[in-house]
Amino acid sequence: MGTDEIRKKLKDKKRIVIKIGTSSITHPESGALNLIKLEILVRELCDLKNQGRDIVLVSSGAIAVGRQAAHFRHRPTKISEKQACAAIGQTQLMMIYQKLFREYGHLAAQILMTRDTVFQDLNRFNAYNTFEELLSMGAIPIVNENDTISTYEIQFGDNDSLSATVASLIHADLLILLSDIDGLFSDDPNRNPEAKFIPLVEKLDKRLLDMGKGSVSEFGTGGMETKLHAAQIATEAGTDMIIANGKDFHIIHKLVQGEPYGTLFLARH
């Protein structure tokens, strides 16, 4: 089966998790929220919801929003600073999301998670039930790591692994990671102009995993290594995954329609 035929099957996905990195929803000049992009994001997700799909959004950005609200002139470096910014920023971020989703007739719900949420059996069971109930009610869960009380997540990753874990937990059909990169390349395209784009990965092997040496953006923490780790989690759980550029959130409906953007990682069935 050719790549185009494989992509066309994405139209049939019924339960989709979309992960948004901090750099995709903030202005690079200031780190403040890009409200125009947020509105486009919400409209895209609501339209997918209107098609009868279950939608879950995993959104970074709480620390960046809190940094702006607290008038931090520098990027927080101490864990306590990051936790404080997250506490301020998470409430503001959710308030904006709730307002935007209501404008398009949908209800958002907040879920904050830590590693313990998914690595302890009882917590995992309870989290699964919460997601299922929210989705059955027609809500759109918005997930973030609980940076206010957890230090592990602040230090490692930018919600990439979390989004894959959520996709695995709720048995999602598709996971879309949107960041500031177009997808997987044979090498870092910023350093090597000869790097080749890889549109389809049918099986993750050690050679591909070793390619995980992507750059880290100023306002995010997740490089290609965390995204490939997410791909490993998702595909082993039976979920297809796409890494694509979140510069223009209109790409979301294009991806679901099977258009050739980003790198598609096929689930291992």
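The values are calculated or read from the model by the stated rules, or taken from the named source; none is laboratory data. In this text the structure is predicted, and so the values were computed from the model without any measurement. So basically every Cβ, Gly included, is an ideal-geometry build from the backbone, and we count neighbours across all protein chains shown. Please note that ligands, DNA and RNA were not included when accessible areas were found on the heavy atoms of the full protein model with its side chains. Shrake-Rupley method; radii C 1.70, N 1.55, O 1.52, S 1.80 Å.
Worth a mention:
- Cα convex hull, the stretch 1-129: 164 Å³ per residue, rounded to a whole number.
- Long-range HN-HN contacts of V58 with modeled amide H, under 5 Å: I18, K19, I20, V143
- Among beta bridges from DSSP that stay inside the chain, the antiparallel ones total about 20%.
- With 31 Å as the limit, the listed pairs K196/K254; K78/K203; K13/K82; K13/K37; K99/K254; K14/K227 have K78/K203; K13/K82 beyond it between alpha carbons.
- Extension gain, A32 back to Q110 (0.36 nm per residue minus Cα-Cα distance, nm): 26.0 nm
- Value of [θ]222 nm, deg cm²/dmol, for the chain, DSSP H segments ≥ 4, -39500 (n - 2.57) each, nearest 500: -12500 deg cm²/dmol
- Shown for the chain: the carbon plus sulfur share of the solvent-accessible area, taken with all protein chains present and a 1.4 angstrom probe, equals 50%.
- Per residue, the solvent-accessible area of the stretch 1-139 (1.4 Å probe, heavy atoms of protein chains only, all protein chains present) comes to 51 Å².
- Annotation: amide H of I242 within the under-5 Å range of L175, I176, L177, F265, sequence separation 5 or more or interchain, hydrogens built in the peptide plane.
- Selected from G52, L10, L174, residue furthest toward positive end of dipole (the chain; charges at beta carbon): G52
- Over the chain - Rg/Rh using Cα atoms and the Kirkwood inverse-distance radius: 0.94
- Computed 3J(HN,Hα) for the stretch 67-84, one whole-Hz value per residue from the Karplus formula 6.51 cos²θ - 1.76 cosθ + 1.60 where θ = phi - 60°, is 4, 5, 5, 8, 6, 6, 7, 10, 5, x, 10, 6, 4, 5, 5, 5, 5, 5, glycine and proline marked x.
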